[in-house]
Amino acid sequence: MTNSPRGVMSMFSRTSSQASSRTASRTLFPPRGTLDADQHYSLDFHMHSTASDGALSPTELVALCAERGLSHMALTDHDTMDGVAEAAKAAREAGIYLMPGCEISTRWRSIGIHVVALMPDGAQGPMAEGLVRQRQARIERASAIAEWLEKIGLDDALAKARAQAGSERPLGRPDFARALVADGLVKDFAEAFKRYLGSGKKGDVKAQWPEIGEAVGWIVDAGGVAVVAHPLRYGLTRRKRGQLMDTFVEAGGQAVELVNGQQNADTTRDLARQLVERDLYASLGSDFHFPGSHAAPGSMSVVPRTGAPPIWQHPRLRLYP
Ligand code: AMP
Ligand code: MN
Ligand code: MN
Ligand code: MN
């Protein structure tokens, strides 16, 4: 179920001659200093595949990343590392560095918070156990979501969401959103979230998720780096966001996504101050799910120079083999 931990260890070392020639031609990455607007970032540490709610298989995702000139990528499917082995194989062949990872669903003060786990040694020990629990939690949550959606008129909600998923992977809210669209109960995906599944709606079931500190513990104890995903997407005030970061740091969390997709430079600078105050590393990722969306792999807004050290300098990530 969870992928063999040790098998992915070698992914972070160059294993093909192709890798050397590819990266050698790309002098701009990895930049050695702070994140800087003058640099071109050919890396992406937050992306999804068909192992969760992404549209591309791990192999197809790696191919797209290669086509777009990425040198480093992390696969971060929701609550699973099931796609990592396949991605690792494709990445070795394409000559890209593949960081094993996932995006853990957690809770903080009853808000759903996502934590990206960058796992250079794969999912071992506490993380492997944590992912087994997340899988079970997702299954239970899907039943709870289905029960509620049946009340608003989506008969056989679980079966319909399963049909939308098109595989046996644990279901997520996007599968239910597509089922609502297919049945004509909402006009589109966005409306499904706005009315039924989004933050604060009844279909946003969170009871099954662990407290953020617990999930951070799994990650850190298994040799990984915990990253607060898209910190600007939780509707928190600056002060509350700071409190979230404090809790996260107390639990051993090491990084925050300074840039997730597109955001303006002033916002990024202000967020960076909150990272610097807490000695947090800065990560960045597109949160890519499907081709055609604005969040293509590697597409990030320009990153202003800030005092937060970039994630690839974290001693656990060994980006310089
Ligand atoms: P889940 O992991 O089952 O909680 O589903 C969360 C996923 O649903 C996110 O990772 C997004 O891919 C998608 N999602 C969440 N909120 C929205 C929204 N408002 N509009 C579109 N997609 C969303
Ligand atoms: Mn998603
Ligand atoms: Mn997320
Ligand atoms: Mn994501």
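The values are calculated or read from the model by the stated rules, or taken from the named source; none is laboratory data. Remember, it's a predicted structure, so these values are computed and weren't measured experimentally. For neighbour counting, all protein chains shown are included, and Cβ atoms are generated from backbone atoms with ideal geometry for every residue, glycine included. Ligands, DNA and RNA are excluded from the accessible area calculation, which covers all protein heavy atoms including side chains. Shrake-Rupley method; radii C 1.70, N 1.55, O 1.52, S 1.80 Å.
Just a few scattered comments:
- Fluctuation leader among Gly252, Gly224, Gly200 - the chain, Gaussian network, Cα springs under 10 angstrom: Gly200
- Once you reduce segment 122-157 and segment 254-277 to the center of their Cα atoms, the two points are 31 Å from each other.
- Per residue value of the accessible surface for segment 138-188 (all protein chains in place, 1.4 Å probe), Å²: 49 Å²
- Dipole of segment 190-295, positive direction: furthest Cα of Val205, Trp218, Leu284, with charges on the beta-carbon: Val205
- For the chain: lysine pairs under 15 Å (alpha-carbon distance), excluding those fewer than 8 apart on one chain: 4
- Here the calculated FRET efficiency for Arg316 and Ala159, from their Cβ-Cβ distance with R0 = 35 Å, stands at 0.25, rounded to the nearest 0.05.
- Segment 168-321, accessible surface, carbon-and-sulfur percent (1.4 angstrom probe): 50 percent
- Around the amide H of Arg107, modelled in the peptide plane, lie the amide H atoms of Ile113, Glu211, Ile212, all under 5 Å away and 5 or more residues distant in sequence or on another chain.
- Counting only DSSP beta bridges whose two residues both lie in the chain, roughly 40 percent are antiparallel.
- Prolate/oblate/rounded call for the chain, Cα gyration tensor, a/c under 1.5 rounded: prolate
- Label-point gap, in nm, between Ser110 and Ala207 - each point 7 angstrom along Cα→Cβ: 1.3 nm
- Long-range amide H partners of Gly101 with built H, under 5 Å: Leu75, Met119
- Computed FRET value (nearest 0.05) for Asp183 with Arg273, which takes r as the C-beta separation and R₀ as 41 Å: 0.35
- Converting the Cα gyration tensor eigenvalues of segment 101-213 into ellipsoid dimensions via √(5λ) gives semi-axes, longest first, of 27, 15, 12 Å.
- Antiparallel DSSP beta bridges within segment 31-184, as percent of all bridges there, nearest 5: 45 percent
- Across Val225, Val256, Val276, mean-square fluctuation computed from a Gaussian network of the chain (C-alpha pairs under 10 Å connected) peaks at Val276.
- Farthest toward the positive end of the dipole of the chain, out of Val84, Leu258, Ser57, is the Cα of Leu258, where the dipole comes from beta carbon charges about the Cα centre.
- Chain lengthening between Glu93 and Glu140 when straightened (0.36 nm per residue, less Cα-Cα): 13.1 nm
- About the centre of its Cα atoms, the chain shows a dipole size close to 460 debye [charges on the beta carbon of Lys, Arg (+1) and Asp, Glu (-1) only; nearest 20 debye].
- Dipole axis of segment 170-321 (+1 Lys, Arg; -1 Asp, Glu on Cβ), positive-most option in Leu171, His314, Tyr196: Tyr196
- Taking label positions 7 Å along the Cα-Cβ direction at both Arg133 and Leu232, the computed distance is 3.3 nm, reported to one decimal.
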